[in-house]
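Comments concern the structure below.
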Amino acid sequence: MIFRPLKYEKYADKICQKLTEFQNGFRAEYDLDNYANWFYNQSSETLRLYSDDKEIYFKYIPVGTFSQKTNTWMWAWANEHSVEPRKFKTLKVKEFGEKKKYENLTNAHFDGDKYTGWELTSIAFDIIGGIGTYRVISDHLEKYFLLTEQISKEEVEKIESELIDCGIHGKLRKAFICQHLNNKIKTGFEEAFETFRGMELGEEDDFQAWCSECEKERLKTDGWNDESMEFANIKLVCENCYFEIKEFNINE
Ligand SMILES: [Zn+2]
Ligand SMILES: [Zn+2]
């Protein structure tokens, strides 16, 4: 038995209807029904649809997954197996759910049926936005996407060429940290700018952080110079490593 309070049910039905109408236009505009195959890449958060004679690429935000075996939904933000940086954008849905007291939007996973995936994807689309939505199914697992933009093959290749393979998390965006930062001993955590998981970066921006000792050195010389850079001895990590270290350092 799936519990859907009336207030939520009304809301969800309205939003679902809205997406259905929108999605018809979207599928027609990009001719989405005429691609035979799909492939998605979690590192670059890109979806490729292709047939023998054509292909199209989209950037995506993962919404969540529905298992046809266990009949359960899981929000992307709660999925520890997914490495997509932008999965945390779905926390915006959770925030909305907390305000409205809609449990389906706040619980990490729960029982559902064959409509659950589209229902929650409609709501995510309404709250987060995008150009359309898409679903793929493999091994009884339905995976739902918000498509945010169409991109070219060259752009996908560029994104992928700029990723780092960290050995633990797979291929992700690069981050720069001083040699002292780690996730075993707290060292303080100073950043070039305020960051959060899944954030989008401008062309010129990189995740950059250093410890309190490095900050002292940096302030001595009114900003980075050869000496303080040598002290920091900046190294490259993946963005997941970066945020694990950040959370370890700033949390109690
Ligand atoms: Zn340091
Ligand atoms: Zn890593």
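Out of the residues in the stretch 19-30 meeting the condition of being charged (D, E, K, R) and either modelled with pLDDT of 95 or more or assigned to a loop (DSSP other than H, G, I, E, B) (or both), tell me which one is nearest to Glu119 (Cα to Cα). Across the stretch 19-30, the extreme among qualifying residues is Arg27.
For every residue, the table says whether it meets (1) assigned by TED's automatic domain parsing to the domain that holds Ile131; (2) in a helix (DSSP H, G or I); (3) more than 30 Å from Glu155 (Cβ to Cβ).
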{"site": "Ile56", "(1), (2), (3)": "yes, no, no"}
{"site": "Lys59", "(1), (2), (3)": "yes, no, no"}
{"site": "Pro62", "(1), (2), (3)": "yes, no, no"}
{"site": "Lys69", "(1), (2), (3)": "yes, no, yes"}
{"site": "Met74", "(1), (2), (3)": "yes, no, no"}
{"site": "Ser82", "(1), (2), (3)": "yes, no, no"}
{"site": "Leu91", "(1), (2), (3)": "yes, yes, no"}
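Whether any residue in the stretch 152-175 is in contact with a Phe, Trp or Tyr (Cβ under 7 Å, 6 or more places away or on another chain), in contact (Cβ under 8 Å) with a residue 60 or more places away in the chain, within 16 Å of ligand 1 (Cβ to nearest atom) and under 30 Å from Gly130 (Cα atoms) is what I want to check. Yes, the stretch 152-175 contains at least one residue that is in contact with a Phe, Trp or Tyr (Cβ under 7 Å, 6 or more places away or on another chain), in contact (Cβ under 8 Å) with a residue 60 or more places away in the chain, within 16 Å of ligand 1 (Cβ to nearest atom) and under 30 Å from Gly130 (Cα atoms). Taking Glu149, is it surrounded by 14 or more Cβ atoms within 10 Å (Cβ to Cβ), in contact (Cβ under 8 Å) with a residue 12 or more places away in the chain and either more than 20 Å from Trp77 (Cβ to Cβ) or more than 14 Å from ligand 1 (Cβ to nearest atom) (or both)? In short, no. Of all residues in the stretch 141-163, those satisfying the criterion of being modelled with pLDDT under 95 and either within 16 Å of ligand 2 (Cβ to nearest atom) or in a loop (DSSP other than H, G, I, E, B) (or both) are Glu162, Leu163.
Inspect the stretch 38-45 for any residue being assigned to a helix (DSSP H, G or I) and either touching a Lys or Arg at 6+ places or on another chain (Cβ under 7 Å) or of a type outside the set (Lys, Arg) (or both) and give the result as yes or no. Reasoning before the result, please.
The initial filter retains those residues of the stretch 38-45 that are assigned to a helix (DSSP H, G or I), namely none.
Among the residues of the stretch 38-45, not one is assigned to a helix (DSSP H, G or I) and either touching a Lys or Arg at 6+ places or on another chain (Cβ under 7 Å) or of a type outside the set (Lys, Arg) (or both), which makes the answer no.
Output yes when any residue across the stretch 235-252 is closer than 24 Å to Thr46 by Cα, within 14 Å of ligand 1 (Cβ to nearest atom), over 16 Å from the mean Cα position of the chain (by Cα) and modelled with pLDDT of 95 or more, and no when none is. Checked the stretch 235-252: at least one residue is closer than 24 Å to Thr46 by Cα, within 14 Å of ligand 1 (Cβ to nearest atom), over 16 Å from the mean Cα position of the chain (by Cα) and modelled with pLDDT of 95 or more.
The values are calculated or read from the model by the stated rules, or taken from the named source; none is laboratory data. Just so it is clear, the structure is predicted and the values come from calculations on it, not from any experiment. For neighbour counting, all protein chains shown are included, and Cβ atoms are generated from backbone atoms with ideal geometry for every residue, glycine included.
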